[in-house]
Amino acid sequence: MKIEGLLIDNMQAAVASARRLSGHPVYRDTQVYWTELLALARAERVSQSPSDQAHLDMLILKLGQELAERGAF
């Protein structure tokens, strides 16, 4: 998966979108994107600075919870 911009920025946007759309249907492509972004974040977190790792961990948890509530896992 290739993303534009910083991983943390993309994760923040995904979490914000998922929360904003909570309780509403989203396109399957959107769920796939969020799932792939989550997998990328998990894979790339070790290459981040310690402070970015902590921030990324929080975002991974939040996006994972949003996806779990949607039954995407």
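The values are calculated or read from the model by the stated rules, or taken from the named source; none is laboratory data. The shown structure was predicted, so the numbers you read here are calculated from the model rather than taken from an experiment. Every residue, glycine among them, receives a Cβ derived from its backbone with ideal geometry; neighbour counts consider all protein chains shown. Heavy atoms of the whole protein, side chains included, go into the accessibility calculation; ligands, DNA and RNA do not. Shrake-Rupley method; radii C 1.70, N 1.55, O 1.52, S 1.80 Å.
Using a 1.4 angstrom probe, figure out how much accessible area the chain has per residue, in square angstrom, rounded to the nearest whole.
Value returned for the chain: 64 Å² of accessible area per residue.
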Item to check | Theoretical ellipticity at 222 nm over the chain - DSSP helices of four or more residues, -39500 (n - 2.57) apiece, nearest 500 | outcome: -23500 deg cm²/dmol
Next on the checklist: Probe radius 1.4 Å, ligands and nucleic acids ignored: give me the carbon and sulfur share of the accessible area of the chain as a rounded percent.
Outcome noted: 54
Checklist entry - In whole Å, what three semi-axes, largest first, describe the equivalent ellipsoid of the chain built from its Cα gyration tensor (square root of 5 times each eigenvalue)? => result 21, 12, 10
Next on the checklist: Charges on Cβ only, +1 for Lys and Arg, -1 for Asp and Glu, centred on the Cα centroid of the chain; of 16, 6, 71, which one is farthest towards the dipole's positive end?
Outcome noted: 71
Next on the checklist: Order 55, 24 by their accessible area, 1.4 angstrom probe, all chains in place, largest first.
Outcome noted: 24, 55
Item to check | Residue-count net charge about residue 69 - beta-carbon cut-off 13 Å; Lys, Arg +1, Asp, Glu -1 | outcome: +2
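Please state the relative contact order of the chain as a whole percent: Cα pairs under 8 Å, 6+ residues apart?
Details: 46 pairs, mean separation 33.0, N = 73.
Result for the chain is 45 percent.
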